[in-house]
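The values are calculated or read from the model by the stated rules, or taken from the named source; none is laboratory data. Computed from a prediction, not measured in an experiment: that's the story for all the values here. Virtual Cβ from ideal backbone geometry, glycine too; neighbours counted across all protein chains shown. Please note that ligands, DNA and RNA were not included when accessible areas were found on the heavy atoms of the full protein model with its side chains. Shrake-Rupley method; radii C 1.70, N 1.55, O 1.52, S 1.80 Å.
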Amino acid sequence: MIFLKKNRLTKADIRLYLPFFVVFGLSVIYHLRMHPMGGDDPFFAAALDGTTLTEYLAGRYEFWTSRIVLEAILVLVIKVPWLWRLINLLFYASLPVLFVRLLGGVPKEGGLCDRQDELLCWCSAGAVLLYPLHDMGTAGWITTTETHFWPLWGILFVALMLRRIACREKMSPLAAAFSIPVAVMTGSHEQYAVILLVLLILCGVYRLAHKNAKDTGYAANADEEQEDTLAGEPDTQKYLRRWIFGLYVAVSLVSLAVIAACPGNAARNAVSLSDLPVYETFGFGDKLYLGLLSIERVFIANADIVFVAVTLLVALLVYLKTDSYRKTLFSAAAFFILIGQTVIRTAFPGFASLFPVPGEVLSWDWGALTTWMPIVYLALSVVSLLYAFYQLLADQLLAYIYVVLLLGCGFGAGAVLGFMATIYVSGERVYAALYVILLLAALYAVQKLLTPLRDKCETAGGKLLLTFFALLCLANVLFEVLSIG
């Protein structure tokens, strides 16, 4: 584990690390139950039969995909399934550690005994346990995890390095060097190449905005973290951060150029259109509607557990901070829509038409109310979330803008899928970025209110809410155990 030190651990430290060990144990169970070589796995396992890696990648780039780095790794690692299983296990188990570090949870010398850090660790572990890992088996476990989950992990690791660059924190040369091939892998995926560019811009803007500031205020414990990163810091650290940032920029620009110039993307789209000829009749509005409708179907109409947890949590945090009924009510609008999609639709079948569940549709009537209702619910939910985060971060306008931009990346990455004829083929795995952005945004809000939240958790009402969220995690864990196979 990243946090472990050479010094002897105290009981408080062990209690602090417990959520990470829980996630690691469950990760072992999940991966023992995964059975690869289903879906597209056999195709990639035989991809190099009778050809070289260079010839294979050249053909794929010419006729099918721009993800040549990811595919190069895939066709090699799929030959050694136990290696894939080990890497994927470690990636999943390290997610809560990455979440905590991204939020500023940094170990202190002599042990970690802060109850706030403990709460943040448990919240981060809970967020990981809510993630729908079963989506990563829809096209074969090795294929889907390597092409979707690994770049997701990669963007989080690179984001951690960018956080250290932005906050002038000490960087490990080994971790910095490792992050470069990770960035190359991540940039091979279209969604994460765009997100990487956005993160680089945000990092640059943050550094410029705090260039002469003594304390960035980014992390919860910025005073301690900045101790070695202000006046008198080693020149090697300054040069390391500059070089790493420059290499990230180069990787991002090259990745986007490779994606834009790839003839295989157009060829693959032509094949997809031949399987779905009606898609050629869609205009810009139709495709945008299709993308937004798919987001609403996955997250709202089907009452996705991550969306339920995030919308409820941010509404409760608004209440905790403002103690205002009106502000909390507006912030909870997204959660109330989910109540309508579940409780009201089930308990009162006569109202079911008010909460339609869109299917994987390819035709609709623009004049019908049911055509517009899902989009209205999606718009209200997004506005409700943005309002809630504004209430939580109103005193930190730059942080709020960053959250809005990242949420925009998440929802935008989902909406743009409507412009691809493969939207219904890919399944829910394509929303991995949106899932993690929602979870991280909620965790960031939690981190900002750790002190009052910790006190509230000592009350009966707080314990009941903690129990509720724990049950959500438990339900998802049981579902993952039963569905993974």
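Please go through the stretch 35-81 and give me each residue that is open to solvent by less than 30 Å² (accessible area, probe 1.4 Å) and in contact with a Leu (Cβ under 7 Å, 6 or more places away or on another chain), ordered by number.
F44, Y56, E71, A72, V75, V77
Only one of L438, L434, L453 is open to solvent by 10 Å² or more (accessible area, probe 1.4 Å) and either assigned to a helix (DSSP H, G or I) or within 24 Å of V97 (Cβ to Cβ) (or both); which? Before the answer, list the steps.
On the way: L438 fails: open to solvent by 10 Å² or more (accessible area, probe 1.4 Å); L434 fails: open to solvent by 10 Å² or more (accessible area, probe 1.4 Å).
L453 is the lone residue from the list that is open to solvent by 10 Å² or more (accessible area, probe 1.4 Å) and either assigned to a helix (DSSP H, G or I) or within 24 Å of V97 (Cβ to Cβ) (or both).
Of the residues V314, V249, V271, only one is open to solvent by 30 Å² or more (accessible area, probe 1.4 Å) and in contact (Cβ under 8 Å) with a residue 24 or more places away in the chain; which?
Values: V314 fails: open to solvent by 30 Å² or more (accessible area, probe 1.4 Å); V271 fails: in contact (Cβ under 8 Å) with a residue 24 or more places away in the chain.
After ruling out the rest, the residue left standing is V249.
Could you check the stretch 344-370 and list, in sequence order, the residues that are open to solvent by less than 40 Å² (accessible area, probe 1.4 Å) and either in contact (Cβ under 8 Å) with a residue 40 or more places away in the chain or of a type in the set (D, E) (or both)?
Correct list: F355, P356, P358, G359.
For L380, indicate whether it is in contact (Cβ under 8 Å) with a residue 12 or more places away in the chain and under 24 Å from the mean Cα position of the chain (by Cα). Break it down stepwise before answering.
Values: in contact (Cβ under 8 Å) with a residue 12 or more places away in the chain: yes; under 24 Å from the mean Cα position of the chain (by Cα): yes.
Taking the combined requirement at face value, the residue satisfies it.
Just to confirm my filter: which helices (runs of 4 or more DSSP H) fall fully inside the stretch 1-103 and include at least 1 residues that are at pLDDT below 90 and hydroxyl-bearing (S, T, Y)?
Values: elements: 11-33, 41-45, 53-63, 68-77, 81-93, 95-102.
Counting at least 1 such residues, we get 11-33.
When you scan the stretch 15-38, do you find a residue that is farther than 30 Å from L443 by Cβ, touching a residue at least 60 places away in the same chain (Cβ under 8 Å) and under 24 Å from the mean Cα position of the chain (by Cα), even just one? Before the answer, list the steps.
Quick first cut of the stretch 15-38, residues farther than 30 Å from L443 by Cβ only: 35-38.
Those still in the list that are touching a residue at least 60 places away in the same chain (Cβ under 8 Å) too: 35-38.
Right, trim to under 24 Å from the mean Cα position of the chain (by Cα) and you get 36.
Within the stretch 15-38, one or more residues are farther than 30 Å from L443 by Cβ, touching a residue at least 60 places away in the same chain (Cβ under 8 Å) and under 24 Å from the mean Cα position of the chain (by Cα).
Output the number of the condition that E428 fails; it satisfies all remaining conditions of (1) assigned to a helix (DSSP H, G or I); (2) exposed (fewer than 15 other Cβ atoms within 10 Å of the Cβ); (3) acidic (D, E).
The one condition E428 does not meet is (2).
Going by the conditions given, is F389 open to solvent by 30 Å² or more (accessible area, probe 1.4 Å) and part of a helix (DSSP H, G or I)? I'd like the intermediate steps shown before the answer.
Numbers: open to solvent by 30 Å² or more (accessible area, probe 1.4 Å): no; part of a helix (DSSP H, G or I): yes.
No; evaluated as a whole, the condition is false for this residue.
Taking interchain pairs and intrachain pairs at least six residues apart, which have beta carbon atoms under 6 angstrom, with the first residue in the stretch 171-187 and open to solvent by 50 Å² or more (accessible area, probe 1.4 Å) and the second assigned to a helix (DSSP H, G or I)?
V184/V69; V184/V251
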